[in-house]
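The next block holds one structure in the form of structure tokens; read it before the comments.
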Amino acid sequence: MEPCNNDSTTLSTECYTSPDSVVNRTEPPDTRRFRTVLHSSGGGVADPARGLPDLTGQVALVTGAARGQGRSHCIALAEAGADIAALDVCRDLDVPAYPLATRADLDDVVAEVEARDRRALPLVADVRDPEGVEAAVAEVERAFGRLDILVNNAAVVTSAPFWELTEPQWGAVVDTNLSGVWRTSRAATAMLRRSPRGRIVNISSTGGVRAVAEFAHYVAAKHGVVGLTKAMAIELAGDRVTVNAILPGAVDSPMLAGLADELGLTPDDVHKRWLHDQLLVEVIAPGEVTGALLWLLSDAARHVTGHCLAVDGGALAR
Ligand SMILES: NC(=O)c1ccc[n+]([C@@H]2O[C@H](COP(=O)([O-])OP(=O)(O)OC[C@H]3O[C@@H](n4cnc5c(N)ncnc54)[C@H](O)[C@@H]3O)[C@@H](O)[C@H]2O)c1
């Protein structure tokens, strides 16, 4: 049996997975081994009252970081102690029709992170662009020398019956929302595997496990994110990198507002179309999705992987 590294405050893979330690043990139980596991740090619940994990010394890369849920994630992760690489496309695209975030939005997130005494690295990149993503991740390595957390959050949406979707609409939604998650994860995995507690959290949707009319491309992409999450969880388990997905319901963000504007919907229409099937019918605040993210990043969730966590007002209960 490999010796335990009892000085370490991080989880020791050898100690934890050695078959000797579980099956063929003839000597008395080595309680130090369990201390090592139970007292692992760097992700513990630092402030149980607020449910904040201690991410001090860790580095997080968040895509779609400049506004909405991504902005909320960046600020909360900085509050929990992480340095932040904030990636966003920061320009409008042909698809979707609603405006995307701006460079000023990204700079504002950087200022919020720095106001919490954490380092922030703004990255203007398009998750559809392989070279751009590789260059952004290389920049993270140059700036911080490590990566512990990847939050794949960037996405776009349009709405129409599937037979009316254009090639550019299908392509933009699938390439951003699904391929962008794979592409960014592929680029980041080498660093995440070197982290003592690598974590990937993919933001899917309730549309990732059930269909919604007039969102066939979005539903297909978000189902893909759920499958990709599970496949990556299997492939990265040997490196103790967990991979999970969050499935938000209708979240109060520029995406929801932009889509409503594009379709000419009033707030009342939005409630009728997208909130009526939630058991708790209020629109969900970005911070509530962030709360689920923080839990997935905490030590309490270190054995949670390949999981989909819905923050959906109970919509999936129906
Ligand atoms: N808002 C909702 O109701 C809702 C519901 C379920 C799931 N979600 C998911 O939550 C996540 C966050 O969405 P949000 O509500 O904050 O939307 P949002 O539009 O406010 O934020 C998305 C961010 O991604 C960026 N982005 C878009 N395309 C990009 C690209 N190609 N490369 C890099 N960045 C790009 C945008 O500039 C924007 O800052 C998305 O994955 C979305 O699909 C949202």
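A short reminder: the numbers here are calculations on the coordinates, not readings from a lab. Only a predicted model underlies this, so the values are computations on that prediction, with no experimental measurement involved. Cβ atoms come from the backbone with ideal geometry, glycine included; neighbour counts cover every protein chain shown.
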Cβ-based net charge around Gly249, under 12 Å, with every Lys or Arg adding one and every Asp or Glu removing one: -3
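At a threshold of 8 angstrom on Cα-Cα distance, excluding pairs fewer than six apart, so keeping six or more, what relative contact order does the range 143-228 reach in percent?
42 percent
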Ascending count of other beta-carbon atoms within 10 Å, so fewest first, for His73, His223: His223, His73
Extension reserve of the Asp108-His303 stretch, reckoned as 0.36 nm per residue once the Cα distance is removed: 66.7 nm
For peptides 145-157, 269-281, sequence by mean Cβ density within 10 Å, most packed first: 145-157, 269-281
Sites Trp163 and Thr56, calculated FRET efficiency, Cβ-Cβ separation with R0 45 Å, nearest 0.05: 0.30
Sites Ala135 and Leu280, calculated FRET efficiency, Cβ-Cβ separation with R0 51 Å, nearest 0.05: 0.75
Residue list for the range 181-214, given a label point 7 angstrom along the Cα-to-Cβ vector of Arg142 and an amide N cut-off under 17 Å: 188
Tensor-based shape of the range 71-228 (alpha-carbon gyration tensor, a/c under 1.5 rounded, otherwise prolate or oblate): prolate
Where labels lie 7 Å past Cα in the beta-carbon direction, separation of Asp239 and Arg210 in nm: 3.5 nm
